[in-house]
Every structure is written in C-alpha cells, then in structure tokens.
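The values are calculated or read from the model by the stated rules, or taken from the named source; none is laboratory data. Quick caveat: nothing in here was measured; it's all calculated off a predicted structure. As a convention, Cβ positions derive from the backbone with ideal geometry for all residues, glycine included, and neighbour counts pool all protein chains shown. Heads up: the accessible areas ignore ligands, DNA and RNA and are worked out on the full protein's heavy atoms, side chains in. Shrake-Rupley method; radii C 1.70, N 1.55, O 1.52, S 1.80 Å.
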Amino acid sequence: MDEYMQAAIDEARLGLEEGGVPIGSVLVHRGRIIGRGHNQRQQRGSVVLHGEMDALENAGRQPAQIYRESVLYTTLSPCPMCSGAIVLYGIPRVVIGENRTFMGAEAYLRAQGVELNVLDSDVCHELMASFIERYPEVWREDIGE
C-alpha cells in the first residue's frame, strides 16, 4: 500500500470513528498531500461532503495548474458528483481503493480522459462492506437511493 492510499484509508477510518461513512480521500500535488478529507455527511449534516469533496475543500482554492498536476486518491469509486468535480478541475488521474461495493462514474471519468487506477484493496472493501451491512439505510442515503 503506498503512503497516499494509506492516508486516504486513515481518513476513512477517522470518518467511521466520527460516526460517518468510511470513505477517505487525499489530493496529492507533486508528491505532497495538499488536501485530505473524509465523508462528512452525517457528522456535519452536509449534502455534498463526500470524501473527495472534503479533500478538495480542505486543499483550499488552488490555481488551475495545480489541479492539472495532481492525483486524487480515494478509497471508493467516485460517485457522479465527485466525478464531476474531478473533471471540472481537470484532475488527470484518480487512484481508487476499490469499486466492488460501489461502482461510481468510472466510465464517465474515462470518457473525459481521466486515468483511473483501481487497486481492488481488500482493506478498502472490508471498510465499506462492514459499514453497509451495519448501516444500510445510511449508505443508501449517501448514494441518493
């Protein structure tokens, strides 16, 4: 496991400890984490703070070139909302922990020229699978069902 995906997993675990959905993300620019976050929908009563959105928010406003030189690491396949933000800001590469429990908008991202690297991490899968089993209603709300 590389240090950036491990940082995303650490964020996911932090979210779970706080009572939220265990999805974490980090934004990496030239080998340095510039934003980290985790799903905050339950904790903050937010409708948009998925892990990826929280990482982008915590990176703060950046010049467009920074995003175009960055890699987003996320423990779960990005949903359509998060994928839209990835495309909007021109993030060229996304490293995904797993997509077995949820297949996000990967086809859309690829069609927009975003490079995807799916790790199929057992750690990421187990975090989500156990959460979904314990809190199916929270999970369904999180993905808009």
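How large, in percent, is the carbon and sulfur part of the accessible surface of the chain at a probe radius of 1.4 Å?
49
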Item to complete: Take the chain, connect every pair of alpha-carbon atoms lying under 10 Å apart with a spring to form a Gaussian network, then pick out the residue of 50, 38, 29 with the largest mean-square fluctuation.
Response: 29
Discussion item. Please state the shape class of the range 1-129: rounded when a/c is under 1.5, otherwise prolate if a/b exceeds b/c and oblate if not, all from the C-alpha gyration tensor.
Written reply: rounded
Response to the item:
the chain: relative contact order from alpha carbon pairs under 8 Å, six or more residues apart, as a whole percent, is 19
Fill in: the range 41-73-the range 102-145 distance, computed between alpha-carbon centres (Å)
17
Response to the item:
Order by accessible surface, 1.4 Å probe, largest leading, for residues 54, 2, 122 comes to 122, 2, 54
Item to complete: Mind telling me which of 100, 41, 30 comes out most flexible in a GNM of the chain, alpha-carbon contacts under 10 Å?
Response: 30
Worksheet entry | DSSP beta bridge pairing in the chain, given as percent antiparallel to the nearest 5 | 55
Fill in: Value of [θ]222 nm, deg cm²/dmol, for the chain, DSSP H segments ≥ 4, -39500 (n - 2.57) each, nearest 500
-13000 deg cm²/dmol
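In the range 1-64, what is the volume of the convex hull around the alpha carbon atoms, normalised per residue and reported in Å³? Please report the intermediate quantities before stating the final value.
Working: hull volume 4.5 nm³, N = 64.
So the per-residue hull volume is 70 Å³.
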Discussion item. Starting from the 7 Å offset along Cα-to-Cβ, what nm value, one decimal, do you get for the label separation of residue 134 and residue 46?
Written reply: 2.2
Worksheet item: In Å², what does the accessible area per residue of the chain work out to with a 1.4 Å probe?
Response: 48
